Structure formats: C-alpha cells, structure tokens
Amino acid sequence: MTRMRLTVAGAAVVLTAAALLLGGLGATGAPPDSTARSGQSGQLAAGFAAGDTTALVRRLQDGLRARPTNVRGLDLLGLAYQQRARETGDPSYYGKSEGVLRRALRLAPHDLEATSGLASLALSRHRFALGLRVGRKALAISPTTARNYGIVGDAQLELGRYTAAFRSFDTMVRLKPGISSYARIAYARELLGRLDAARGALLLARDAAADEPEPLAWTETQLGKLELGRGRLNAATTHLRSALRTLPGYVYALDALAQVELAHGRLERASTLERRAVETIPLPQFVGLYADLLRATGHERAARLQYATVDGIRRLLAVNGVRTDLETALFDVDHGIRLRESLVLARRAQLERPSIDGDDVLAWALARNGRCSEALHFSQRALRLGTKDAAKLFHRAAIEQCLGRDPRPWARRAAALNPHFSILWTSTLRRLAS
C-alpha cells in the first residue's frame, strides 16, 4: 500500500475559518449577496450549522413559496435539511433533502450545489457506490471545487479504494486547506497507523476552526477520540472538556467523554453522560452504548427498553433509505444476537462496503459462528493498512485462539493500545493477553 503524500505542510498555509453566515432568502424571496450564499452553502456542505438551522429552513421555505423556481434557494434548503438530520437524528429529513435537490436539478441539470448535495446525501444513507458516481458528476461539473474531492474520497474509502481515496484527499487539501480537508488527511493517517501525524493534521483543523463554536468543538472532539483510541485518557479528557466549554452540551463530546469514564471504570458517570447524549440525539450508537451501561450497572429492565429502541431506530433508518447492514451486524454479533442471520448481514455489508471495516465485521461474524479459518482471511484484510485499532486487533486475537494458536501477541497489542476499548469485551481481552 502506497502511503501517498498526506504530508500537509501547514506552516506555509494561511488558515481561515469557514464563515458561519445565516443569510438566506428573506420573506420577500430576495436572494442574499453572493458572498453570504457561498459561505452558507459551504458551511452546510461541510456538516456544520449555518446559524439557527430551524429558522433558516423556515426562511428558505417562505422564500421558495414566493419564488418556487429559485434554484439557489432549493440548493440551500436541500443542504439545510441534511443539517437538520444531523442535528436531530431524524432521517426523514433525508427524503425532504432529496426531493428539493432533485427539483433543483430538473430546473438546472448541471447545478453543482444540487449534484454535490445529492452525493453527500448518498453517503449519509451509506450508499457509497451511488455517492461515488454522483460525486464524480459533481467533479465533472467543477474539477476545481475542493469539497467534491472530499465526497469522492469518502466514498472511495468505504469501497476499499484507499490509494484513490488518499489521492482525492491530497487534491482537496491542495485546493482548499481547511477543517474538512485537514480532517480527512487526519483520518487517512489514522487508517495507516500514523497516529502522531493524524494528531498533527487535526491540530491544523483546530487552528482553521478559529473561534467558530461548532467547528472548534468538532475538532476538539476528534482530537479527544483519537487520544481515547490509543488509551491516553487524560489527554482525551482535556480535549473533550474543551469541546464542551466551547459548545455546552455538544452531543458527540458527551458520547466520547462517556467512553473515557467507562475506560476509567466509572460506569455511573459514563451512564449519566451517555443518557444526556441519547436525550439530545438518539443515534443508534449512543442508544446501544447507553443500554450496555444500564445492563452493566444492574438496570436490566431499562437496558432492555433501550435495546428495543435500537431496533426501532434501525427500522426508521431503513424506511428512510439508510443502509445499516454493517452497523447492525456488528452490534448483533457483539451481543450474540441471531448469529447466523448476522453473518448473512455481514456478508452482504462487506460486499457493499469492502473496506477494512467491512472486512473486520465479517471476520468477527465468521469467528462468532465458529468459521475461524475463513475469518482469518478477512481479519488479515482488515489489518492490511497497518491500522492501530484495538477492536480489530482483539478480533484477530480471538480468531487466533479459535484456530488453536497463541492469541497473546495480538491481544497484547490491543491491550497496549487501548485496554478499555469495549464494555463487552475488555475482560476477554485481558484473559487472552495473559
């Protein structure tokens, strides 16, 4: 695997924060000035709120009632609906976004914002092959628009096309150094096991965020999660508390801080933090961890209710076009639920997402079904980039034990990296490493 460049010489780059401009269409339907429009759509496309998103949606809807063929208004509304989905966890906004963006394309078939917006929507729905196709259409419309390389690179990652993805990210950061491009460089480096270099890129992203609350909180959270992933709990806490000072109640920082408390063995504190995350945005990963924490602290009935909620969220996502085969398979395999059905799901997910994550989940599903020789092949693929991920290393250790071989080298690598990687499997890791 070529390492590509992924170097990002940040000292020579002048960093500016993306503008958080509300702007938008007023009640009369008059468009804002071009600078405001550009900053607003760019902020929404990057996944950050452009001010009060609820108010923005209302203003755009009012403007479009007056001017229903305003392509720019349709573009912004489509992106704003995607932001509302991120803010609320309500996947019904995806269908609304698709509807208005397709209206924009009917009016202007080569509209860049609508095309890239539909590509981003496909990624949000975990339809990565579609996202790649539409992302390439956006690139054909505008080969110099940086965010389109990010969309294409994200899709390529999930499809296991790492060399191409890294090339896309290098192009993105060359065209527009900033939060989105630096974050992608950081993730690429993390995949390659270059954790210090990943931190360096995230620090550049934090500098680019300047004093804008949500982008700054997001980058601090990513720094915290990176440190948590390699067992540096104090450093992780510092970053996550900084995120919460910057944006009180920031849900992703609450979830990550709950995992830090879990790593410290403070389960009640972890449960309190995760409950706050769930009450803010009931994402399935938040609800699932909260259920695990409730069970671990003796609240069995409450845990069952949360596990049932996870199933309900899955159904809601599926109805709204979101594919969750990979996440569902991992959750069910981890919890010993319907193992044969989970293996079928994992196989399907790996075909759709032949990434190291798809390979790892299939390896784990095979192992939990006793098919460890086959599991070894996919575990080897899951670790082919040199990724330093305690869960993947633990899965490999369990597979080695299943094959009658010594699991300790892999288990000790996982434990040295992050001995508290899972509320479900920490004790098993300890046993395999001993």
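The values are calculated or read from the model by the stated rules, or taken from the named source; none is laboratory data. Note that this is a predicted model, so its numbers are computed, not measured. For neighbour counting, all protein chains shown are included, and Cβ atoms are generated from backbone atoms with ideal geometry for every residue, glycine included. Quick note on the areas: whole protein, heavy atoms, side chains included, nothing else; ligands and nucleic acids left out. Shrake-Rupley method; radii C 1.70, N 1.55, O 1.52, S 1.80 Å.
Count, please, the residues in the range 384-416 that happen to be small (Gly, Ala, Ser) and not in a helix (DSSP H, G or I). Lay out the reasoning, then the answer.
Of the residues in the range 384-416, the ones small (Gly, Ala, Ser) are 386, 390-391, 397-398, 404, 411, 414-416.
With the extra rule that they be not in a helix (DSSP H, G or I), the set shrinks to 386, 404.
Count: 2.
Yes/no matrix, rows are residues, columns are (1) assigned to a helix (DSSP H, G or I); (2) farther than 16 Å from ILE141 by Cα; (3) β-branched (Val, Ile, Thr); (4) open to solvent by 40 Å² or more (accessible area, probe 1.4 Å):
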residue	(1), (2), (3), (4)
PRO68	no, yes, no, yes
GLN82	yes, yes, no, no
GLU87	yes, yes, no, yes
ASP90	no, yes, no, yes
ARG103	yes, yes, no, yes
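Please determine whether any residue of the range 129-152 is more than 29 Å from PRO354 (Cβ to Cβ), in contact (Cβ under 8 Å) with a residue 60 or more places away in the chain and part of a helix (DSSP H, G or I).
Scanning the range 129-152, I find no residue that is more than 29 Å from PRO354 (Cβ to Cβ), in contact (Cβ under 8 Å) with a residue 60 or more places away in the chain and part of a helix (DSSP H, G or I), so the answer is no.
Return the residue satisfying two criteria in turn: it lies in the range 417-434 and is touching a Leu at 6+ places or on another chain (Cβ under 9 Å) and over 20 Å from PHE331 (Cβ atoms), and of such residues it is surrounded by the most Cβ atoms within 10 Å (Cβ to Cβ).
Going through the qualifying residues, I end up with LEU417.
Can you go through ALA277, ALA258, ALA270 and tell me which one is under 17 Å from the mean Cα position of the chain (by Cα) and surrounded by 23 or more Cβ atoms within 10 Å (Cβ to Cβ)? Write out each step before concluding.
Working: ALA258 fails: under 17 Å from the mean Cα position of the chain (by Cα); ALA270 fails: under 17 Å from the mean Cα position of the chain (by Cα).
Answer to the check: ALA277.
Quick check on my filter: what residues within the range 386-428 are within 14 Å of ALA263 (Cβ to Cβ) and over 26 Å from the mean Cα position of the chain (by Cα)?
If the condition is that a residue be within 14 Å of ALA263 (Cβ to Cβ) and over 26 Å from the mean Cα position of the chain (by Cα), then SER427 is the only one that fits.
Would you please list the contacts, defined by Cβ atoms under 8 Å and residues six or more apart or on different chains, that run from a residue in the range 325-353 that is under 15 Å from LEU366 (Cβ atoms) to a residue that is outside any helix (DSSP H, G or I) and among the polar types (S, T, N, Q)?
ASP334/SER422; LEU339/ASN369; ARG340/ASN369; LEU343/ASN369
If we keep just the residues of the range 360-396 that are open to solvent by less than 10 Å² (accessible area, probe 1.4 Å) and touching a residue at least 60 places away in the same chain (Cβ under 8 Å), which is farthest from GLU327 (Cα to Cα)?
Checking each candidate, the answer is LEU385.
For the range 206-239: of the residues being touching a residue at least 12 places away in the same chain (Cβ under 8 Å) and among the basic types (Lys, Arg), which is nearest to PHE394 (Cα to Cα)?
Of everything passing the filter in the range 206-239, ARG230 is nearest to PHE394 (Cα to Cα).
Would it be correct to say that GLY131 is over 14 Å from GLY78 (Cβ atoms), modelled with pLDDT of 95 or more and surrounded by 23 or more Cβ atoms within 10 Å (Cβ to Cβ)? First the steps, then the outcome.
Values: over 14 Å from GLY78 (Cβ atoms): yes; modelled with pLDDT of 95 or more: yes; surrounded by 23 or more Cβ atoms within 10 Å (Cβ to Cβ): yes.
When the stated conditions are applied, GLY131 passes them.
Rundown of residues vs (1) touching a residue at least 40 places away in the same chain (Cβ under 8 Å); (2) assigned to a helix (DSSP H, G or I); (3) over 18 Å from the mean Cα position of the chain (by Cα), yes/no style:
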site: ARG174; (1), (2), (3): no, yes, yes
site: PRO177; (1), (2), (3): yes, no, yes
site: ALA183; (1), (2), (3): no, yes, no
site: TYR187; (1), (2), (3): no, yes, no
site: ASP196; (1), (2), (3): no, yes, yes
site: ALA201; (1), (2), (3): yes, yes, no
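Can you report the number of residues in the range 158-173 which are surrounded by fewer than 24 Cβ atoms within 10 Å (Cβ to Cβ) and within 23 Å of GLN82 (Cα to Cα)?
Qualifying residue count, the range 158-173: 2.
Could you grab the pairs with beta carbons closer than 7 Å, sequence gap of 6+ or different chains, first residue in the range 100-113 and in contact (Cβ under 8 Å) with a residue 60 or more places away in the chain, second one among the polar types (S, T, N, Q) and open to solvent by less than 90 Å² (accessible area, probe 1.4 Å)?
GLU113/SER41
Just give me the residues in the range 403-414 being open to solvent by less than 70 Å² (accessible area, probe 1.4 Å) and touching a residue at least 24 places away in the same chain (Cβ under 8 Å), in sequence order.
Hits for the range 403-414 are LEU403, PRO407, ALA414.
One residue is enough: does the range 158-169 have a residue meeting the conditions more than 19 Å from the chain's Cα centre (by Cα), over 23 Å from ILE356 (Cβ atoms) and at pLDDT 95 or above?
Within the range 158-169, the subset more than 19 Å from the chain's Cα centre (by Cα) is 163-164, 167.
Still in the running and over 23 Å from ILE356 (Cβ atoms): none.
Checking the range 158-169: not a single residue is more than 19 Å from the chain's Cα centre (by Cα), over 23 Å from ILE356 (Cβ atoms) and at pLDDT 95 or above.
Anything in the range 348-383 that is touching a helix residue (DSSP H, G or I) at 6+ places or on another chain (Cβ under 8 Å), closer than 21 Å to PHE128 by Cα and not in a helix (DSSP H, G or I)? List them, or say none.
Within the range 348-383, ARG353, SER355 qualify.
Can you tell me which residue among GLY10, GLY47, GLY78 is at pLDDT 55 or above, within 30 Å of LEU383 (Cβ to Cβ) and not polar (S, T, N, Q)? Walk me through it before giving the result.
Values: GLY10 fails: at pLDDT 55 or above; GLY78 fails: within 30 Å of LEU383 (Cβ to Cβ).
Going through GLY10, GLY47, GLY78 in turn, the sole match is GLY47.
Scan the range 247-254 and tell me whether some residue there is farther than 27 Å from SER342 by Cα, open to solvent by 20 Å² or more (accessible area, probe 1.4 Å) and part of a helix (DSSP H, G or I).
Checked the range 247-254: at least one residue is farther than 27 Å from SER342 by Cα, open to solvent by 20 Å² or more (accessible area, probe 1.4 Å) and part of a helix (DSSP H, G or I).
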